[in-house]
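Notes to accompany the following structure.
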Amino acid sequence: MNGEELRERIHREFPDGIYLDWACTSGIKPPGCAEAVYRALCGTTSNINRGAYSKENQAGMNIFLLREQLRLFFDAPEDAVPVFTANVTQALDAAIRGSVGPEDHVIISGLEHHAVTRTLTEIGADYSVIPARQDGSADPEAFEALVRPETKAVVLNHASNISGTVNPVSGIFEKAGRHGLLRILDTAQSAGSLPVSMTKLNTDILCFTGHKGLLGPQGTGGMILTQETADRLKPFLTGGTGSESAVYTMPEFLPDKFEAGTLNLPGLAGLKASLDWIGGQDLRKIHEREMDIAQKFASAAEALPGLSIAGGTDYSGERCPVVSVIFDEAAGDPSDAAARLDEDYGIMTRSGLHCAPLAHKTLGSWPRGTVRFSFGPFTTPEEGRAATEALAQIVNRT
Ligand SMILES: Cc1ncc(COP(=O)(O)O)c(C=O)c1O
C-alpha cells in the first residue's frame, strides 16, 4: 500500500484520530466521568467542611467515601488518609518540600521525572542517583552504599514515563526503612495500570495523579500517608481548612494539615466515577491487552532501520504500556516524525524530551528524546497496527 492509500485508509477507519498519548493523560474518559463532573456543577452546589447545612454534609460524605475508595484501591494501611492536591506534582512537592531542606541528602532512581528532580534542585538539596540496571531500573544492590548520615528520604518513580520500566520499589524501600528514611513513591504511570499496594511496596507517602491511569479529570491527585508520617512533615501549602479557625497555624491532623483552600470538588466527583468504572473491570485483563499491543508495536518498530526502543523491547514482564522510539541521526528527527504522524495519519503521540532529562540519560535517549507511543484501556489492536504501518512509512520514506 502506498503512502496515499495508507493515509486514506487510516483516516477512513479512525475518523476521530488515534489517541496514543495515554502516558500524558487519559484522552478518553470512561462512561460516567463527564456526567459526574456535570452533576457536581448543577443546581445549588456547596463546599465541604465549612457551611452549617446538610448539603455540605452530603458533599463532605462523598469526599469521605472517595478517600476510602482510594485507600482501598492502593491497599494502604487502615489508618492512612488520602490528601487531595491538584496533581501528582503538587503531591510530590508537598512530600519533598515538607521533609527535605537544603542541608539534607536524598536518594532517587535514574528514572525520575522533573516533578522530583526540579523540586530537589530548587530546594538545593544534594541527591544521589541509584545506578541503573540494563533496562534502566534502579539496582537494589547499589542502594545501601549511597546512604549517608544526612540522608533524609528516598524518592522513587514506580514506572518510567519514557519506557514503562518498573523500579524494584519494594526491596529498595525495605532497605531504606531500616535506615529510618522517608520513602516517597511516584505512581503517576503505574496507578490504574499495574496493581499498586502501598503496604507491599513499603511506602510511607504514595503520590498519585487522577488524570492518567485513574482516568479522572485533570486537576485531581493527592498523597496517601498515615498520621505518624504526617507528623514528620511540615505543611507546604497553608491557609484556611474550615477547621480550628481560631488558631493561626495549620491543624496537625489529616487530611487538613495538607489541604488548605477549597478542593476541586467537580474534578473529584469525576475521579470517583472513573474509579467506580475501574472497579467494575478486570484490570489484569486490560493490562494484558495493552501490553500485547505495546509488545507487538515495540518489536515492529525496532525492526525498522535506525530505530530502537528505550528500555528494550521485552514487554513480557512487569512494565507499563509505554513505548518510546529512539531515532538515530539517519532516521530523522523524532519531533518531525511525530508531527507527520499527527498531520498525515491523525495519530497523536508525544515527542522530544518528556519532562525527565535524567531518565532520558539513563535510558540512552538524551538529548534528542523519542517519539513516545503509549497505550490505554480503550486502545484497540487495530490502532496499534495502524501506528506500526504509519511509522514504517515515515521511516522508510515511502
Ligand atoms: C512519572 C511522572 N511523574 C510525575 C508526572 C507529573 O504528573 P502531573 O502533571 O499529573 O502532576 C508525570 C506526568 O507526566 C509522570 O509521568
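The values are calculated or read from the model by the stated rules, or taken from the named source; none is laboratory data. Only a predicted model underlies this, so the values are computations on that prediction, with no experimental measurement involved. Every residue, glycine among them, receives a Cβ derived from its backbone with ideal geometry; neighbour counts consider all protein chains shown. For accessibility, only protein heavy atoms count, side chains too; no ligands or nucleic acids. Shrake-Rupley method; radii C 1.70, N 1.55, O 1.52, S 1.80 Å.
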Review point. Looking at segment 342-353, which of the residues that are surrounded by 23 or more Cβ atoms within 10 Å (Cβ to Cβ) and more than 16 Å from the ligand (Cβ to nearest atom) is nearest to residue 367 (Cα to Cα)?
Key: 347
Practice item. Check residue 94 against each of (1) touching a Pro at 6+ places or on another chain (Cβ under 9 Å); (2) assigned to a loop (DSSP other than H, G, I, E, B); (3) of a type in the set (A, V, I, L, M, F, W, C) and name the one condition it does not meet. Key: (2)
Review point. Would you pick out the residues in segment 324-337 that are assigned to a helix (DSSP H, G or I) and either open to solvent by 10 Å² or more (accessible area, probe 1.4 Å) or farther than 19 Å from residue 7 by Cβ (or both)?
Key: 329, 330, 331, 334, 335, 336
Point to revise | Identity of the residue in segment 14-31, assigned to a loop (DSSP other than H, G, I, E, B) and charged (D, E, K, R), that ends up farthest from the ligand (Cβ to nearest atom) | key: 16
Study note, to complete from the structure: Scanning segment 354-398 for residues that are of a type in the set (Gly, Ala, Ser), surrounded by 20 or more Cβ atoms within 10 Å (Cβ to Cβ) and in a loop (DSSP other than H, G, I, E, B) gives 356, 365, 369, 376
Exercise for review: List every residue pair whose Cβ atoms lie under 7 Å apart, where the two residues are 6 or more positions apart in sequence or sit on different chains, the first residue falls within segment 106-119 and is crowded, with 24+ Cβ neighbours inside 10 Å, and the second residue, located anywhere, is among the basic types (Lys, Arg).
Suggested key: 106/152
Exercise for review: Go through (1) under 28 Å from residue 291 (Cα atoms); (2) of a type outside the set (D, E, K, R); (3) in contact with a strand residue (DSSP E or B) (Cβ under 8 Å, 6 or more places away or on another chain) one by one and return the number of the condition residue 177 breaks.
Suggested key: (1)
Review point. Quick one: in segment 303-318, which of the residues that are of a type in the set (S, T, N, Q) and in contact with a strand residue (DSSP E or B) (Cβ under 9 Å, 6 or more places away or on another chain) is surrounded by the fewest Cβ atoms within 10 Å (Cβ to Cβ)?
Key: 313
Point to revise | Hits in segment 308-325 (condition: of a type outside the set (Gly, Ala, Ser) and over 18 Å from residue 384 (Cβ atoms)) | key: 318
Review point. Which residue pairs have Cβ atoms closer than 8 Å, lie 6 or more positions apart in sequence or on different chains, and pair a first residue in segment 358-375 that is in the same structural domain as residue 334 (by TED's automatic domain parsing) with a second residue that is basic (Lys, Arg) and open to solvent by 50 Å² or more (accessible area, probe 1.4 Å)?
Key: 371/350; 372/350; 374/350
Review point. What about residue 183, is it touching a Leu at 6+ places or on another chain (Cβ under 9 Å) and surrounded by fewer than 21 Cβ atoms within 10 Å (Cβ to Cβ)?
Key: no
Review point. Yes or no: residue 206 assigned to a strand (DSSP E or B) and touching a residue at least 40 places away in the same chain (Cβ under 8 Å)?
Key: yes
Review point. Name the residues in segment 23-81 that are touching a strand residue (DSSP E or B) at 6+ places or on another chain (Cβ under 9 Å) and basic (Lys, Arg), would you?
Key: 67, 71
Review point. Residue check: is residue 76 crowded, with 20+ Cβ neighbours inside 10 Å, away from the ligand (no atom under 16 Å from the Cβ) and closer than 17 Å to residue 271 by Cβ?
Key: yes
Review point. Among the residues of segment 44-73 satisfying the criterion of being open to solvent by 100 Å² or more (accessible area, probe 1.4 Å) and modelled with pLDDT of 95 or more, which is farthest from residue 201 (Cα to Cα)?
Key: 64
Practice item. Just need a number here: residues in segment 230-249 that are touching a residue at least 12 places away in the same chain (Cβ under 8 Å) and open to solvent by 30 Å² or more (accessible area, probe 1.4 Å). Key: 11
Exercise for review: Can you confirm whether segment 111-124 contains a residue that is over 21 Å from residue 204 (Cβ atoms) and hydroxyl-bearing (Ser, Thr, Tyr)?
Suggested key: yes
Practice item. Could you please let me know if residue 227 is under 15 Å from the mean Cα position of the chain (by Cα) and surrounded by fewer than 24 Cβ atoms within 10 Å (Cβ to Cβ)? Key: no
Point to revise | For residue 126: the one exception among (1) touching a helix residue (DSSP H, G or I) at 6+ places or on another chain (Cβ under 9 Å); (2) open to solvent by less than 40 Å² (accessible area, probe 1.4 Å) | key: (2)
Check your understanding: Within the group 149, 140, which residue is away from the ligand (no atom under 16 Å from the Cβ), surrounded by fewer than 17 Cβ atoms within 10 Å (Cβ to Cβ) and in the same structural domain as residue 205 (by TED's automatic domain parsing)?
Key -> 149
